[in-house]
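All remarks here apply to the structure that follows.
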Amino acid sequence: MAAPAHKMTPMPELSRAVADWVSSVRELTQPRAVRWIEGTEAEARELTAQLVRSKELTVLNAQEFPGCHLYHSAPNDVARVEHLTYICTRSQEDAGPNNHWMDPQQAHARMRELFRGCMRERTLYVIPYCMGPLDSPLSRRGVELTDSPYVVLNMLIMTRAGRAALELIARDGRFVKGLHSIGELDPERRFIMHFPEELSIESYGSGYGGNALLGKKCHALRIASWQARAEGWLAEHMLIVGLQNPEGETHYLACAFPSSCGKTNLAMLIPPDSLPGWRAFTVGDDIAWLHPGADGRLWAINPEAGYFGVVPGTNPQTNRNAYQMIRRDTLFTNVALTADNQPWWEGLTAGKPVLDWQGRPYDPARGPAAHPNSRFTVSAKRNPSYSPHSEDASGVPITALVFGGRRREVAPLVYESRDWPHGVLLGASLASETTAAAVGQVGVVRRDPMAMQPFCGYNFGDYWQHWLDVGARLARPPRIFHVNWFRRDAAGKFLWPGFGENLRVLAWMLDRCAGKVGAAESAIGRLPIAADLNTRGLNLSDQALAALLSIDPGVWRKECADLGEYLRGFGSRLPAALLAELRATESRL
Ligand code: OXD
Ligand code: MN
C-alpha cells in the first residue's frame with residue numbers, strides 16, 4: 001500500500017500569535033477573503049496570471065524579455081513620501097529632529113480610522129517573511145498583511161517569504177508586524193507609520209515599493225536600526241560587494257550612498273579591461289546588517305533576497321550585469337513600452353518608446369518616457385555577479401566601510417578616516433544632492449548622515465553614539481573611507497569617469513587596509529598619494545587628478561561650520577566625542 005501523502009499543517013495553525021493578529025486585522029479591515037502566502041513558485045505564477053487577467057500587469061515581449069511584466073503605479077504614487085513617514089515613539093526626543101514624529105496613541109487612532117473597512121471587496125494576503133538567510137542567527141523576521149497582490153509578488157522576490165519564514169516565527173515567537181493597505185491611493189490619505197517600541201509598521205494609501213514593501217525600508221532599516229541598537233549591531237543603508245584581487249584574495253566592503261547615487265552599479269561593478277585579474281561579487285545592493293563577530297571583526301548579511309533598483313540609465317555600458325539580469329523574470333514598474341512590447345527607459349540606445357510610463361502615447365513634451373524613479377524587481381540570484389557567499393549564515397567579514405555622496409564640489413574623490421571615531425564623523429558629515437527616489441525637489445544638497453536620513457528609526461544623536469559604541473567593541477574594526485564620484489570641474493563636467501573605473505579607488509582602499517601604501521595626511525583625513533592611485537589607461541590629466549584630490553581649506557572651514565550647526569541641533573543627545581572630532585578637524589584646518 002502506498003504511504004499516505006505527507007499532510008502539511010495549515011499555515012494559520014503554525015503560529016497562534018500571527019493567527020490572532022490576522023483575526024484582529026480581518027475584523028478591522030473586513031476583507032472578502034484571507035490568503036496565506038506559502039512562497040511556492042506555483043503560487044507566484046498563479047498570482048501573476050491573475051494580475052495579467054485583471055490587466056494590472058502587462059506581459060512583456062516573451063522573446064526579448066521572457067518572464068517579464070510591467071506594472072503602472074498610480075501617477076501620484078511613484079516614490080517614497082518622506083513628509084508622510086513617521087516614527088511614533090512615546091517620547092519625541094527618541095525619534096529625534098531627524099524624524100517626523102507622532103504620539104503612538106494618536107497615530108494608532110488615526111490609522112485605525114483609515115484601515116476600518118478598507119479591504120471590503122479585496123483579499124487580505126498574509127506574507128510571513130525572513131530578512132536574511134533562513135538559517136542565519138543574524139536574520140530577523142516579520143509578517144506583512146496587505147491588500148495588494150503587486151506587493152505580494154514583490155515581497156516574494158525581495159524577501160524569503162512563505163511557510164519556511166512562518167515556521168521560524170512560530171519557533172522564536174518574535175516578528176515585526178507590518179499592516180499595509182493601498183487604501184484609495186489618495187495622497188491626502190497616505191501615511192507610513194513606524195512604532196519601533198512595538199516592532200510594528202502601519203502603511204496606508206500607497207502602493208509604491210519603499211512605502212509598501214514593508215520588509216525593505218520600513219523593517220530592514222527603520223525598525224531594524226532600533227532593534228540593532230538594543231541588540232548591539234547596525235542596520236545600514238549600504239551595499240555589500242566582494243572584490244577579488246589578482247592574487248585571488250577576496251575582501252568585502254560595505255558602502256553607504258544616498259538613494260539613486262549608484263549603489264546598484266557599485267554592488268555589481270564590472271572591472272575594466274585595464275585592471276585584469278580583478279573580480280567583483282555582489283552580496284547586497286541596498287541594505288546591510290552589520291554584526292560584531294567573536295573574532296573582533298564586523299560581519300555583514302544582506303537582509304534582502306532581491307533588488308528593487310532604479311531602471312533609467314541601465315545599459316550594457318553603465319552596468320552590463322544589471323542589464324543582463326533584468327532581461328528575464330523581472331517585474332518592471334513605470335517604464336515605457338516600445339511598439340513590440342519591450343520595456344524602454346532613458347539611457348537605452350536601442351528601441352523607441354511608443355507608450356510612456358503612464359501608458360499614454362509617448363510625447364517628449366510631457367517629459368521622460370520612463371519615470372525617473374521607475375524600478376525593476378528581480379531576484380538577486382539572477383545577477384551574474386551574485387556572490388556564492390550571499391547565503392552564508394555567518395555573513396561576510398567587512399574590510400572597509402565607505403561613505404559617499406553626490407557633491408559637485410567640496411569632497412575629494414576619496415579620503416580615509418584616522419580611526420573609527422573620526423570615521424563616524426565622516427559618515428555623519430554625508431551630504432548629497434537629492435534624487436527622484438523620494439518626492440520633492442531634485443538636485444538640492446541636503447544632509448544625509450550615513451545615507452540614513454530617511455531611514456534611521458531613532459534620534460541620530462543616539463545613533464552616532466551607538467556607532468561609537470559598536471566601534472569600541474571591535475578588536476579589528478574595518479577602516480572607514482569617504483568617496484565622491486560626482487565631483488565636477490568649473491565647466492560642470494564630471495572629473496572622474498565613475499562606474500567600473502571606481503575599482504581603482506576601491507583597490508587603493510584595499511592597499512591601505514593591507515598596509516601596502518602610505519597616504520598624505522590632511523586636515524580632513526588621509527588622501528591618496530597621487531602615484532598610489534592607479535590611473536593607467538585613464539584619460540585623466542594631472543590637473544584633473546590634482547583637482548580630484550584637492551581640498552580647499554576655506555570651503556572646508558565653511559563646511560565644518562555648517563556641519564557643526566547641524567550637529568548641535570541634536571542638543572544633549574549629540575555624543576561629545578563626535579563634537580570633539582569636528583573640533584579637531586576645525587583646528588587642523
Ligand atoms: C531605495 C531608496 O529605493 O533608497 O533603495 O529610495
Ligand atoms: Mn536605498
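Residue by residue through segment 521-537, note down the ones that are open to solvent by 40 Å² or more (accessible area, probe 1.4 Å), farther than 19 Å from Leu275 by Cα and not basic (Lys, Arg). Passing the criteria: Glu521, Ile529.
The single condition from (1) more than 16 Å from ligand 2 (Cβ to nearest atom); (2) at pLDDT 95 or above; (3) open to solvent by less than 20 Å² (accessible area, probe 1.4 Å); (4) part of a loop (DSSP other than H, G, I, E, B) that Gly277 fails is (3). Taken over segment 428-448, the residue count meeting the criterion of being of a type outside the set (A, V, I, L, M), surrounded by 24 or more Cβ atoms within 10 Å (Cβ to Cβ) and not in a loop (DSSP other than H, G, I, E, B) is 1. Looking only at segment 159-185, residues that are crowded, with 23+ Cβ neighbours inside 10 Å and assigned to a loop (DSSP other than H, G, I, E, B) come to 3 in all. Scanning segment 216-248 for residues that are outside any strand (DSSP E or B), crowded, with 24+ Cβ neighbours inside 10 Å and free of Cβ contacts under 8 Å to residues at least 60 places away in the same chain returns a single hit, Cys218.
Looking across Leu401, Leu425, one residue alone is within 22 Å of Glu304 (Cβ to Cβ), crowded, with 24+ Cβ neighbours inside 10 Å and either of a type in the set (Asp, Glu) or more than 16 Å from ligand 1 (Cβ to nearest atom) (or both). It is Leu401.
Of everything in segment 280-293 that is part of a strand (DSSP E or B) and more than 13 Å from ligand 1 (Cβ to nearest atom), the residue that is surrounded by the fewest Cβ atoms within 10 Å (Cβ to Cβ) is Pro292.
Comparison of Glu46, Glu27, Glu38 shows that the only residue that is open to solvent by 40 Å² or more (accessible area, probe 1.4 Å) and in a loop (DSSP other than H, G, I, E, B) is Glu38. When restricted to residues that are more than 18 Å from Ser206 (Cα to Cα), in a loop (DSSP other than H, G, I, E, B) and not aliphatic (A, V, I, L, M), segment 63-114 contains 15.
The values are calculated or read from the model by the stated rules, or taken from the named source; none is laboratory data. Nothing here was measured: the structure is a model prediction, and the numbers come from that model. Note that we place each Cβ from the backbone using ideal geometry, even for glycine, and neighbour counts take in every protein chain shown. SASA here: full protein model, heavy atoms, side chains in, ligands and nucleic acids out. Shrake-Rupley method; radii C 1.70, N 1.55, O 1.52, S 1.80 Å.
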